[in-house]
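A.B. asks: Below is a structure I'd like to ask you about.
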Amino acid sequence: MSDDPFAALGLPARADLTDDDVRAAWRRIAAATHPDRDDGGDPVTFGAAAAAYALLRTAWDRGEVLAELGLRGNAPARRREPGPRARVRVLALRVAVTVALCGGAFAAAGWTPAAIGVATGALTWLAATARRDLPRAERRSRRTAR
């Protein structure tokens, strides 16, 4: 088998290939080279195509192969990071969930160790997950800090 599974299936090495494109190429080659054909097929080509299809079946797998081949520049852009307003909304939602959970625990159980434990867990969760939603501090270079 060649080092390029895209070539084994007769496909261009592009990130925008769909699962259907890869499946169609595999079926075309498998139908022409399957060892159970009357003419005996081509077991070597069939095996190479089967191995290539196993590597390229999903978009994730194709991205991994493209990265290994050094062609990741052809991949579609990643999702943009949420803006400051979206981060503030998510943080507000996290705070609301924490307040509701703490309030529900104290309303149901009173000031018992179990309710205090639930509240501690909820506040710990808020502290652990909220950091990524806080506004990012601007970093000053050493030159401007002097």
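What follows draws every value from the coordinates through simple rules; no lab data is involved. Since the structure is predicted, the reported quantities are computational estimates derived from the model, not experimental observations. In this analysis, Cβ positions are derived from the backbone assuming ideal geometry, glycine residues included, and neighbour counts consider all displayed protein chains.
A.B. asks: When you look at W125, is it of a type in the set (A, V, I, L, M, F, W, C) and loosely packed, with under 13 Cβ neighbours inside 10 Å, yes or no?
C.D. replies: No: the conditions fail for W125.
A.B. asks: Moving on. For segment 15-38, does any single residue satisfy the condition of being part of a loop (DSSP other than H, G, I, E, B), of a type in the set (K, R) and in contact (Cβ under 8 Å) with a residue 40 or more places away in the chain?
C.D. replies: Checked against the condition, which is being part of a loop (DSSP other than H, G, I, E, B), of a type in the set (K, R) and in contact (Cβ under 8 Å) with a residue 40 or more places away in the chain, segment 15-38 yields no hits at all.
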